[in-house]
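Structure record follows, encoded as structure tokens.
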Amino acid sequence: MARSTRFDREFGGAARPHRSPSATAVSGARRRSSRSSGANAPCSVREKAHYRNQPAVFPNRLRVRILKPAAFQRGTSRRLSKKPQGTAPARPAGYASRIPIELKLHYRPPYDWNAFLGFIGPRAIPGLEKVDANSYRRNGVEITQCSAKNWLVARIRPDNVKTLRSTAEQIRSTFDLRANTFEIAAHLGKSSPLKTVVKRHPGLRVPGCWDGFELAVRAMLGQQVTVKGATTLAGRLVERFGPPKAEILAKRI
């Protein structure tokens, strides 16, 4: 009798005598004879139980117990029912819709970000724009600078995704990102009065405007009163009519 292997001891297989080649040949001959004669005699219940528990014999003489379908299903369900370790908690519904879209808009260095914010800060329209020491906010858009990478970072609310392309163009125009600072400095450096100013403040930009109609309203208000007074009047227009758009004012005036 063949000795029980380690595989049999671990998986509960009992030691059974290994079938000799002559017995295997006789069994194969009987099966071929049964097929050729067309016999289809069913196995008895005792024979079925014997073959169900019979371990499979491979050429390397490792005996593997064949699992029944029910046992395999129970083991698989137990493994799948266990919660994986280190999984992240389920996120609430609508979580993806609250994640802002981030755009990185490059510019040619240098960029005097503090001087730019210092200019547009006093001119920010109440109820529409907000400027602090590091950022500019407007209509769900927040813009900050990453000086190490030479780009502006625009974080845009997902509900503005339909106007993403136009918003990017408005940011480039407002913050003068297409300016060639090298050519500007070289040209202004030819002037004696401006040469020292360019060296003292490198990277100055010409502030633009979000759209043309807003620029026209700002220009008309600025000609009548001071900068502070014009900003106050523009804030009143926004409070009454909403963001400065020509179609909105045309319908309500």
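The values are calculated or read from the model by the stated rules, or taken from the named source; none is laboratory data. Here the structure is a predicted model, which is why all the values come from computation and not from measurement. No Cβ is skipped: glycine too gets one built from the backbone with ideal geometry, and neighbour counts run over all protein chains shown.
A few remarks follow.
- Sole residue being out of contact with any Leu (no Cβ under 6 Å at 6 or more places or on another chain), modelled with pLDDT of 95 or more and not in a loop (DSSP other than H, G, I, E, B), chosen from 137, 74, 79: 137
- Scanning region 210-253 for residues being small (Gly, Ala, Ser) and at pLDDT below 85 gives a total of 3.
- Within region 226-246, the only residue that satisfies the criterion of being under 16 Å from residue 119 (Cα atoms) and within 40 Å of the chain's Cα centre (by Cα) is 231.
- Residue count for region 184-201, restricted to those that are exposed (fewer than 14 other Cβ atoms within 10 Å of the Cβ) and within 23 Å of residue 171 (Cα to Cα): 1
- Filtering region 115-151 to residues that are of a type in the set (D, E, K, R), in contact with a strand residue (DSSP E or B) (Cβ under 6 Å, 6 or more places away or on another chain) and without any contact (Cβ under 8 Å) to a residue 60 or more places away in the chain leaves 129, 130, 137, 142.
- Of all the residues in region 106-134, those that are among the charged types (D, E, K, R) and either in a strand (DSSP E or B) or farther than 20 Å from residue 179 by Cβ (or both) number 3.
- Residues (among the hydroxyl-bearing types (Ser, Thr, Tyr), over 38 Å from the mean Cα position of the chain (by Cα) and in a helix (DSSP H, G or I)) located in region 180-225: 192, 196
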